[in-house]
Amino acid sequence: MSDGFGHSSGKDKGKGNDDVVGVPSPCISVCRMDASSGWCEGCLRTIEEIAGWALFDDAAKRAVWDAIEVRHVEFMARQAKGRT
């Protein structure tokens, strides 16, 4: 399942077989931190959001998804600006 940004509903690495229904992880297994933004190049989360994901309740996870949507817009604007 995709969120429309190319992020699948995969599970965070090392979580094991956790089939509990809830807010899906944005991890797409492209785990590289961008030094200039502080975001993972794959899922656009911060290192704090990645490290805390398993401990976050559903409301906190949805807040991260909301932040990712904002970051995605910013990321796309940067990409477009770099092409001109």
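What the table shows:
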{"read-out": "Which numbered condition Trp53 fails, given (1) out of contact with any Ser or Thr (no Cβ under 7 Å at 6 or more places or on another chain); (2) open to solvent by less than 30 Å² (accessible area, probe 1.4 Å)", "value": "(1)"}
{"read-out": "Close pairs (9 angstrom Cβ cut-off, 6 or more residues apart or separate chains): open to solvent by 60 Å² or more (accessible area, probe 1.4 Å) in segment 20-47, at pLDDT 95 or above and among the small types (Gly, Ala, Ser) anywhere", "value": "Ser29/Gly42; Cys31/Gly42; Arg32/Gly42; Ile47/Gly38"}
{"read-out": "Residue count for segment 43-63, restricted to those that are under 16 Å from Met33 (Cβ atoms) and assigned to a helix (DSSP H, G or I)", "value": "7"}
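Yes/no matrix, rows are residues, columns are (1) modelled with pLDDT under 95; (2) over 19 Å from Ala77 (Cβ atoms):
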{"site": "Lys13", "(1), (2)": "yes, yes"}
{"site": "Gly16", "(1), (2)": "yes, yes"}
{"site": "Val30", "(1), (2)": "no, yes"}
{"site": "Ser37", "(1), (2)": "yes, no"}
{"site": "Cys43", "(1), (2)": "no, no"}
{"site": "Ile50", "(1), (2)": "no, yes"}
{"site": "Asp58", "(1), (2)": "no, yes"}
{"site": "Lys61", "(1), (2)": "no, yes"}
{"site": "Val64", "(1), (2)": "no, yes"}
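The values are calculated or read from the model by the stated rules, or taken from the named source; none is laboratory data. Keep in mind that this is a model prediction, so the values were computed, not measured. No Cβ is skipped: glycine too gets one built from the backbone with ideal geometry, and neighbour counts run over all protein chains shown. Just so you know, the surface numbers come from the protein's heavy atoms only, side chains and all, with ligands and any DNA or RNA stripped out. Shrake-Rupley method; radii C 1.70, N 1.55, O 1.52, S 1.80 Å.
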